[in-house]
Amino acid sequence: MSRIITIGAAQLGPIQKEHSRKDVVERLIHLLRTAATASCDLVVFPELALTTFFPRWFVDDITETDHYYETEMPSPVTQPLFDEAKQLGIGFCLGYAELTTDGHRFNTQILVEKDGSVVAKYRKVHIPGHEHNEPNRPFQHAERYYFEPSMEGFGVWKAFDARVGMMICNDRRWPESYRVMGLQGVELILCGYNTPIHYVPDPSQDILQGFHNALVMQSGAYQNGSWVVGVAKGGNEEGVDSLGQSMIVAPSGQIVAQALTTDDELIVARCDMDWCARYTGTLFDFEKYRRPEVYGRITSQRGVIKD
Ligand code: CDT
C-alpha cells in the first residue's frame with residue numbers, strides 16, 4: 001500500500017523591509033506555479049512568510065508594528081494566493097504574524113486543503129529570544145515581546161489523506177513538540193523557520209546552525225516515525241544572514257530533498273505516508289515500548305532540579 005503526497009518545500013529568500021505584501025504574494029504564487037509543474041499536492045512556506053522578520057527590531061510602542069500582523073486570513077492582499085492554489089488544486093501551509101480582534105499577537109501557521117478550505121491553525125508554542133530591548137546586540141531577537149505563546153499546544157489534523165501536524169521554527173529544537181504529535185499518530189509535520197546564523201548569546205554555535213537544524217528534524221522524524229518538512233526564509237535580510245537548508249525528512253530520519261541556495265527555491269519529494277508505520281509499528285511501537293510511568297518529570301517540571 002502507499003499513500004503518496006507530493007510535497008513542495010517552498011523556501012524563500014529574504015524579504016526586505018521595503019518589500020510590499022503584494023510583492024511577496026507574487027513570489028509565493030510563482031513558487032505555487034512551479035510546484036504545479038512538479039505535480040505537488042501540498043506546498044509549505046516558511047514562518048512569517050509575508051513580511052521581513054520584524055522581531056529583529058525593538059520598538060517602545062508595539063502598535064507601531066501592527067502593519068506586520070494579519071488581522072484576517074485570507075485578506076484582500078492574500079486572497080490571490082488562496083485563489084491560485086485552489087485553481088491549481090494545491091494545498092498549502094503558510095506562516096504569518098496574527099493580531100486577533102481582542103488584541104492578542106501570535107506567530108501562526110495555517111494549513112489549507114486543495115479545495116481552498118482552512119483545515120487547521122497552529123500558534124507557536126516555544127517563543128525564543130528576549131522580551132526587552134538589548135541595545136548591545138548587533139540585532140534583536142525580540143519574539144518574546146512580539147508574540148505570546150500558544151496555550152493550544154500541538155494538534156494533529158486529518159488532511160491530504162494523512163495525519164498532519166504543525167510546528168514553527170524554535171519548536172523544532174524541542175523533542176516534546178514531536179512527541180506530543182507522535183502520540184496523536186502524526187505522519188507529516190510541517191515547520192517553517194527563520195534562523196539567523198549568528199546566535200548572539202553564544203557565537204560558537206554559529207558554525208553549527210546547519211548541523212543543529214538537520215539534527216533536530218532528522219531525530220524528530222525518526223523517533224516519531226513521521227515525515228518532517230522544514231522550510232526556511234534564508235539569505236541576507238536587512239543585514240542579518242539566515243540559514244537556508246530547507247529539507248524534507250523521511251520517517252527513517254533520512255533527508256530526501258534539501259535546498260541548495262538561500263533564495264526562493266522549491267524542493268520536491270514524493271512522500272509515502274505508509275512508510276510511517278514501518279517505524280511506528282516496529283521499533284517505535286509506542287503502545288508496546290514506551291514507559292510513561294517513569295516519564296513524570298517531563299510534564300510536572302519545567303527547569304532542571306538538582307538534588
Ligand atoms: N524564529 C525562530 O524561532 N528562530 C530561532 C532562533 C534562535 S533563538 C534566538 C530558532 O530556533 O531557529
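The values are calculated or read from the model by the stated rules, or taken from the named source; none is laboratory data. Everything numeric here is computed off the predicted structure, so don't read it as measured data. Cβ coordinates were reconstructed from backbone atoms using ideal geometry, including for glycine residues, and neighbour counts include every protein chain displayed. Quick note on the areas: whole protein, heavy atoms, side chains included, nothing else; ligands and nucleic acids left out. Shrake-Rupley method; radii C 1.70, N 1.55, O 1.52, S 1.80 Å.
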Kindly indicate which of Phe45, Phe82, Phe54 is away from the ligand (no atom under 16 Å from the Cβ), of a type in the set (Phe, Trp, Tyr) and in contact (Cβ under 8 Å) with a residue 24 or more places away in the chain.
Phe82
Gln87 is checked against (1) within 16 Å of the ligand (Cβ to nearest atom); (2) open to solvent by 40 Å² or more (accessible area, probe 1.4 Å) and fails just one. What number does that condition carry?
(1)
When you scan the range 137-162, how many residues do you find that are away from the ligand (no atom under 15 Å from the Cβ) and open to solvent by 30 Å² or more (accessible area, probe 1.4 Å)?
5
Of everything in the range 276-307, what is open to solvent by less than 80 Å² (accessible area, probe 1.4 Å), part of a loop (DSSP other than H, G, I, E, B) and of a type outside the set (S, T, N, Q)? Give them in sequence order.
Gly281, Phe284, Asp285, Arg290, Gly296, Gly303
Say whether the condition of being among the basic types (Lys, Arg) and either outside any helix (DSSP H, G or I) or surrounded by fewer than 15 Cβ atoms within 10 Å (Cβ to Cβ) (or both) is met by at least one residue in the range 9-26.
yes
Keeping to the range 32-61, report how many residues are open to solvent by 10 Å² or more (accessible area, probe 1.4 Å) and in a helix (DSSP H, G or I).
5
Filter the range 108-136 down to the residues that are of a type in the set (Lys, Arg) and assigned to a strand (DSSP E or B), then identify the one that is least open to solvent (accessible area, probe 1.4 Å).
Arg123
Please specify each residue of the range 228-247 satisfying the condition of being open to solvent by less than 50 Å² (accessible area, probe 1.4 Å) and free of Cβ contacts under 8 Å to residues at least 60 places away in the same chain.
Val228, Leu243
Suppose the filter is within 16 Å of the ligand (Cβ to nearest atom) and surrounded by fewer than 23 Cβ atoms within 10 Å (Cβ to Cβ); does Gln209 pass it?
yes
